[in-house]
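Reading through the structure tokens given below for one structure.
The values are calculated or read from the model by the stated rules, or taken from the named source; none is laboratory data. Predicted model only: the values in this text are computed from it and were never measured. Note that we place each Cβ from the backbone using ideal geometry, even for glycine, and neighbour counts take in every protein chain shown. Surface accessibility is based on the protein's heavy atoms, side chains included, excluding ligands, DNA and RNA. Shrake-Rupley method; radii C 1.70, N 1.55, O 1.52, S 1.80 Å.
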Amino acid sequence: MSGKGSVARPDIGFAVERIDDIAIFGPDVLLKRDLMSPYVWQEPGDSGFHMLLRAVPAEGAADTDSGRIWYGRSGSDGALFRMADAPAIVGGTGDDAAGCEDPTVVRTDDGYTVLYTGVDGGGTGHMLYATGPDMASLTKRGVALRNSKSERNSKEAAVMRDGDCWRLLYEYAHDGHSLIGLADGTGPDADWHHRGDPFTLRPSMWDDYHLSTGPLLTGDPDCPIMFYNGADAQANWGIGWVAFTPDLARTVARGEAPLIAPPDDVDGPRDIAFAASAVVREGRIWLYYSRNDRELRRATIRRLP
């Protein structure tokens, strides 16, 4: 457990019950790509599921973009998604000239805000946003959270709304590490007030070198939960969990071991399990994540005890 002024909550814990593959149907131009960052959500009164995901050129492909963002829908099983014929967000010029990554969807009074990572021509990531009445009618609006001189590659948004206040957890790069920062403001078109890091690296543990945001569960406003991503110096990424005070500024509990460890049968130099979204379903948590930056999975998780 870590974080400024942390207090203990030993009653919090989680266990993985099962892991399922996520099937994707769509145009060949999508299916030839590697799939990752599956952001899944439900609409009120709709038993089905919606998804935005990042599609990346497979190794050896002619395309050189870092990703395009596609929209799709599933029935009530939440495991088979039919995707649109064309991407919802693609790279353009300037801050997303090299590609688009890491979508996060926020419902608003006017429709939707999609926070995403744009990669510029120099390879730097920027947290950008688009808005629209639906996923087929999104308009890019520009930068949501600016990089600073000391903190680069701001991305991977996790948002909690409290009235007019948006609390934003995000990944940023500093001194060779990926870390998690906290900011609050009135939305992506306003200035953000930075609140520091709510938790940090743990020496000699599985998350001692990198941290990245994952899905934030706010069903219990007194104790929000985030399934975050952590890695060692070799960039072997696993998925852990952390519980916060209501303002997200401090931790109250944090799992010692990864809830989902890095895969151990990968063909390549790194092992990666990376959480992107979560949905509460009939007393269980469906955690959507990518495996080794190319395949989609869903873990069914129960809370302990």
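Based on Cα coordinates alone, diagonalise the gyration tensor for segment 6-130, multiply each eigenvalue by 5, take square roots, and list the semi-axes in whole Å, largest first.
Equivalent ellipsoid semi-axes, largest first: 27, 20, 17 Å.
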At what distance in nm do the modelled label points of ARG302 and ALA97 sit from each other, each positioned 7 Å from its Cα along Cα→Cβ? 5.3 nm
Mean accessible surface per residue for the chain, computed with a 1.4 Å probe while every protein chain stays in place, in Å²: 44 Å²
Within 10 Å of each candidate Cβ there may be at most 14 other Cβ atoms; applying that plus a DSSP loop requirement, which trypsin sites (Lys or Arg not before Pro) in segment 270-304 survive? ARG270
Counting only protein heavy atoms and a 1.4 Å probe, tell me what percentage of the chain's accessible area is made up of carbon and sulfur. 46 percent
Could you identify which residue out of ALA235, ALA130, ALA243 has the top mean-square fluctuation in a GNM of the chain using Cα springs shorter than 10 Å? ALA235
Give the residues of segment 73-101 whose amide nitrogen is closer than 12 Å to a point set 7 Å from the Cα of SER47 in the direction of its Cβ. 75-78
Alpha-carbon radius of gyration plus Dmax, which is the widest Cα pair, for the chain in Å: 17.9, 51
With -39,500 (n - 2.57) per DSSP H segment of 4 or more residues and division by the full residue count of the chain, the 222 nm estimate, nearest 500 deg cm²/dmol, is 0 deg cm²/dmol
Per the C-alpha gyration tensor (a ≥ b ≥ c, the square roots of its eigenvalues), segment 106-216 is rounded if a/c is under 1.5, else prolate if a/b beats b/c, else oblate; here it's prolate
Quick one: length gained pulling ARG73 to PHE25 fully straight, 0.36 nm per residue minus the C-alpha distance? 16.3 nm
Integer Hz, Karplus 6.51/-1.76/1.60 couplings in order for segment 144-154, x for Gly and Pro: 9, 9, 7, 5, 10, 5, 9, 10, 10, 6, 5
Any chance you could look up the accessible area of HIS193 with a 1.4 Å probe, heavy atoms only, rounded to 10 Å²? 100 Å²
Looking at the chain, identify the longest residue range that excludes and avoids all GluC sites (Glu not before Pro) in DSSP loops having at most 14 other Cβ atoms within 10 Å. 60-255
P(r) tail for segment 193-284, what percent of Cα pairs lie past 22 Å? 30 percent
